[in-house]
């Protein structure tokens, strides 16, 4: 199974660095959709995942339209993670898909409204208290990505500790 994490116009370099580290650890491809709120070479981005950058598959896209032209939502299995989704991320059966794209919007605004309206059947959310706006972006990526991986039995990931042997 190939997992793609797509960050649409991320603004906070530390979040992107943490997400890059998660992607490297789970073997997911990271897509960065410009404009970015920082320079990808900034120390703060690399500091969060410094020893993982050489193990990361990353693809940059000039804008959301270019990303959608290359990876059409109609021809690819995409989920749009948003507080506006009607279904929770845990209600979805990811196990039948060989390639999955998880899209996350910028920290201050989320994904564009028109994109969500066009793809509302694949808009998913993470449950939380009604009075809160949202979770941290890097936490949200980890939560949903690990659900996808769980449903694929954590294929290609180390599942037993090499430190404590019975």
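Only the coordinates and a few stated rules stand behind these numbers; no lab work does. All of these numbers come straight from a predicted model, not from anything done at the bench. Note: ideal-geometry Cβ built from the backbone for every residue, glycine included; neighbour counts use all protein chains shown.
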(message) Regarding segment 138-149, can at least one residue be identified that is assigned to a strand (DSSP E or B), within 16 Å of the chain's Cα centre (by Cα) and within 26 Å of residue 17 (Cα to Cα)?
(response) no
(message) Need the failing condition index for residue 157 against (1) surrounded by 18 or more Cβ atoms within 10 Å (Cβ to Cβ); (2) touching a helix residue (DSSP H, G or I) at 6+ places or on another chain (Cβ under 9 Å), just the number.
(response) (1)
(message) Just to verify a result, which residue in segment 61-84, among those that are in a loop (DSSP other than H, G, I, E, B) and out of contact with any helix residue (DSSP H, G or I) (no Cβ under 8 Å at 6 or more places or on another chain), is surrounded by the most Cβ atoms within 10 Å (Cβ to Cβ)?
(response) 71
